2 protein chains.
Amino acid sequence: MKTLTYQKTISKWDVFEVSIKGPTEGNPFTEQWIKAHFSNNIETKEVEGFYDGKGLYKARFMPSFEGAYTFQITASFIAETEKGTFTVSQAKKENHGPVRVAHTYHFEYEDGSVYQPIGTTCYVWELQNEALQKQTLQSLKKSPFNKIRFCIFPKHYDYNFNEPISYPYEGTPCDSSVITKENFGQFNGRAKGNDWDYFRFNPIHFRNIEKNICSLGEIGIEADIIVMHPYDRWGFSLMNKEEDALYWHYVIARFAAYHNVWWSLANEYDLMSAKTTENWENYASIICKNDPYQHLRSIHNCRAFYDYTRPWITHCSIQRINTYMTAENTDSWKQRFQKPIVLDEITYEGNIQHGWGNISGKEMTRRFWEAALRGGYPGHSETYLSPDNILWWSHGGKLKGESPDRIAFLKSIMYQTPGYGLTRLELNWDDLCAIAANNQTKFLKVQPYYLFYYGINRPSFRTFHFDETTAFDVEVIDTWEMKIKKVGTYTGNFKIELPGKEYMAIRLRKTSTC
Amino acid sequence: MKTLTYQKTISKWDVFEVSIKGPTEGNPFTEQWIKAHFSNNIETKEVEGFYDGKGLYKARFMPSFEGAYTFQITASFIAETEKGTFTVSQAKKENHGPVRVAHTYHFEYEDGSVYQPIGTTCYVWELQNEALQKQTLQSLKKSPFNKIRFCIFPKHYDYNFNEPISYPYEGTPCDSSVITKENFGQFNGRAKGNDWDYFRFNPIHFRNIEKNICSLGEIGIEADIIVMHPYDRWGFSLMNKEEDALYWHYVIARFAAYHNVWWSLANEYDLMSAKTTENWENYASIICKNDPYQHLRSIHNCRAFYDYTRPWITHCSIQRINTYMTAENTDSWKQRFQKPIVLDEITYEGNIQHGWGNISGKEMTRRFWEAALRGGYPGHSETYLSPDNILWWSHGGKLKGESPDRIAFLKSIMYQTPGYGLTRLELNWDDLCAIAANNQTKFLKVQPYYLFYYGINRPSFRTFHFDETTAFDVEVIDTWEMKIKKVGTYTGNFKIELPGKEYMAIRLRKTSTC
């Protein structure tokens, strides 16, 4: 009988982990296996375990209920099933469970509390040096962001030629000291000089990511993990079917038990020319089968959208469609896909040479408002040139832009909205009107809540036309200056003065029925 | 034999007018007619004349050639054909003849000189008091605008409740003193108290318009005359078929001989619910038949475009399609309609309450660049609230906005472009690149002229990739600050620094082949 190591008590939605010693000879990643079965009186989950190096095999589980659980371990290297029990106590205060899709276009935490994603992107922040990782976490903690997109694999691209702190596989990378802004394209794919064993993972790499997933969870941030991506010089984007399958199983076995994980199959899947739709559907089926918690799943495009109507996709993860408009299409995408619209890339605030990374904070904030008031969930990142070559979009570090504070302001307004999110009401051609998404108010003629946004238009006043029996508290909101001014209570036909400048909003909240 | 009154010499493309005394009894507008036949050794034109009041009948002609002409007059009230001769001298310096469509998407004057329309709109400027008319002409003279849209009929709409200085018909208007911002909708159409004879024109009204068409011509501005429109309290938009036909014939007989006339059948034709497509096609056929000079013809929409593929339409006259984008669709409309794209209304610079009249000068300027670099022709107007209630868009007066100076700057760049206009070259997804529209350069791999515009993007630099044998003079253009900075001569692969701010452009002009 082998000795199992595990906790005796754990909080709901935390990671329960059981370890067992096993063989180190041969290739434990491919020649051995471990499985676990967890159950209480309500749920039963089967999970694949994984080899964590140095003779240690592990299986992880995220309990969704309080009370007594039992588990059983089977493995290629043990003759008999090993068993154990543990107790699940109530969830920690900051852990609301995994995020789920709610009411078709919105989200909520499994405990029923409100979650409206306001994401950012730092593609390989967790593969930078430790001081930078810490700084990123500090920046995130002070930021409005409650979701972050990042990659498991390192990134090779303009402004991203440095080596990651670790690699996902055993082996050695090509020489990166000769890479420049001008020649980096020549290293795309599997550059000369790489020598990797795609059948032997480097557990250190994954442990570091897990540590960061945990840290994110502690500050209320969802980890939108990008499992594959095309910006590669190591060959990780060019592995074969068998290598890919091993990778997917390993990733899911390690990460699925973290409550704040989302699966993004790929960043810009359509630039990964070696992968076909069949491949993506196959990866999706591996997740659906092996992730017992059914974490959120999507796939991010460069140009062509993936078919977001596929049943395994829980929400759209959309990239800008041109240099002008994207957020403005939220309504039509809601209609088309009948899923939450997460606009993970709507162009980044910054000043680099590329059109995807050089809009102003004002334009970014405008795009956020356009998306949010339509009931979509916009995403942020920053690409400011920096002497230290640390760009938030890839490396994390410090936020430098003007939009995060304004995004925080918008987020506070989103969270103040009654109901489960915002949704558009087509009222006037020349404003954007949102109401509270809510089953109760959907068919009301007069809504209890209206949020009007004027974007680049600069009205000096607007007129409103309601009945004489409904009173509204009216506020004029300067979305850029982040100021809310109460202007009074109004009924019937009324006129609200505005300063004739851009980026203004008006909020009406029903106070009473006269 | 009746006595004809006419000039013995006239300049090419000026208005030759012949007058003859006739009856005043009955209704001369409907009971009498006058026709004229003009010819020289090249051209022969038949025109309808018109009754100008006080027993005076007139026929007008615009000669397109120099030398000796003869003419013949027939009329209901003369027994024999009257004849005469006159001589046409060379065109005045400022008169380049009528504007014609050239090279499918562009324009030029009949004398072959460059004309790129940069229009503005002052709907009823010529129906305001004389001092204001003068001020408008002075403003126009200093402005970049070389086309102006305005109506023959007065306008009834928000900010437009005052009476015009004259009416097109004999009769009396309804009492306008009781009209307010709130109740003006109740006066739409044919308001109570109007008493017009739609068969008796008021020549004073038309003479004033002609005087202003002349004044515009003298300062190089095309008069884009809006013959019908929906914003009416006098009933002019609700006349019957017979009344309309009489009006069209009268308008054409009076105005067609002015070289700088364009016909806009209507402003927002689709809001004139009393008119059908059959009506519009009928008016078009009256113009085609009765305007011997085939002045440019179009019709302006509110929502649905008129079918711009109709053969009588010489160019598109487009209104903004939403609050965000319009200019950006220029390419697709060029493809679809195969005609010049004139964007007569792309939202006005201003601060009124309506979304069609409250964008910033920056946004207006951006829209102009977006349209112009695609080979379209954007239009301007202004709607700034003013204590004197004089808004450029309707009344003319003074230009107050920030865009006219920037439009002048853009216009100078447009006119500096070799060839007959700009056209888009799809080179990069994240810039807007224009080249010189020119039969010679259309198929060249390396163009002699490139104009790159970055709009709301803020690149800190851009890289260019040409061969080593072509040298370009490179200029960095700040389209808002209106500054052009020469940065040097470059070949091959080169990088141009930019200030990382919005609204920048780069111009490359081939200097030599090394």
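No value in this document is a laboratory result; all are computed from the given coordinates. Computed from a predicted model, the values in this text were never measured in an experiment. Ideal geometry is used to build each Cβ from the backbone, glycine not excepted, and the neighbour counts take in all protein chains shown.
Details
- Counting Cβ atoms of other protein chains within 10 Å of each Cβ in A:456-467 and taking the mean gives 5.
- Pairs from A:501/B:411; A:92/A:211; B:442/B:486; A:192/A:289; A:142/B:495; B:400/B:501 whose Cα-Cα separation, in the structure shown, is over 29 Å: A:192/A:289; A:142/B:495
- Taking every Cα-Cα distance in region A:303-351 and sorting them into 5 Å bins starting at zero, the pair-distance distribution P(r) comes out as 5, 21, 32, 24, 11, 5, 3, 1 percent.
- Sites listed here are trypsin sites (Lys or Arg not before Pro) in region A:248-356 whose DSSP assignment is loop and whose Cβ has at most 13 other Cβ atoms within 10 Å: A:303.
- Mean separation of Cα contacts under 8 Å, 6 or more apart, over the residue count of region A:4-89: relative contact order %: 35 percent
- Distances between copies at residue B:192, taken between label points 7 Å from Cα along the C-beta direction, are 9.3 nm in increasing order.
- Convex hull volume of region A:202-345 per residue (C-alpha atoms, cubic angstrom): 124 Å³
- Every Cα-Cα pair in the protein assembly as shown was counted, and those over 42 Å apart are 50% of them.
- Using a Förster distance of 25 Å, the FRET efficiency for residue B:204-residue B:181 (Cβ separation, nearest 0.05): 0.25
- Under 12 Å from the Cα of residue A:485 - aspartates and glutamates, other chains or at least 8 residues apart: A:473, A:475, A:497
- Under 12 Å from residue B:12, Cα to Cα: aspartates and glutamates that are on another chain or at least 8 residues apart: B:66, B:94, B:110, B:111
- Over every Cα atom in region B:422-513, the radius of gyration and the widest Cα-Cα span, Dmax, amount to 12.7, 35 Å.
- Order of B:343, B:140 - criterion: other Cβ atoms within 10 Å of each residue's Cβ, fewest first: B:140, B:343
- Extension gain from residue B:289 to residue B:87, taking 0.36 nm per residue of separation minus the Cα-Cα distance: 70.1 nm
- Packing-based exposure ordering (other Cβ within 10 Å, fewest first) of B:272, A:228: B:272, A:228
- By DSSP, the beta bridges lying fully in chain A are antiparallel in about 70 percent of cases.
- A DSSP coil position with no more than 13 other Cβ atoms inside 10 Å describes the following GluC sites (Glu not before Pro) in region A:75-156: A:80, A:94.
- Inter-chain neighbour count for A:430-441: the average number of beta-carbon atoms from partner chains within 10 Å of each residue's beta-carbon is 1.
- Fraction of antiparallel bridges per DSSP, region A:113-416 only, in percent to nearest 5: 20 percent
- Where trypsin sites (Lys or Arg not before Pro) fall in DSSP loop in region A:412-514, at most 10 other Cβ within 10 Å: A:445
- √(5λ) per eigenvalue of the Cα gyration tensor, chain B, largest first, Å: 43, 28, 18
- Counting neighbouring Cβ atoms within 10 Å and putting the fewest first, the residues B:331, A:175 line up as A:175, B:331.
- Take every pair of alpha-carbon atoms less than 8 Å apart whose residues are at least six positions apart; their mean separation over the length of chain B yields a relative contact order of 12 percent.
- In the protein assembly as shown, helical runs assigned H by DSSP with n ≥ 4 each contribute -39500 (n - 2.57); averaged across all residues and rounded to the nearest 500, the mean residue ellipticity at 222 nm is -6000 deg cm²/dmol.
- Average beta-carbon neighbours from other chains, 10 Å sphere, peptide B:354-365: 4
- Estimated distance in nm for a label pair at residue B:30 and residue A:114, the labels positioned 7 Å out from Cα along Cα-to-Cβ: 6.9 nm
- With N the number of residues in region A:4-89, Rg(Cα) / (2.2 N^0.38 Å) evaluates to 1.08.
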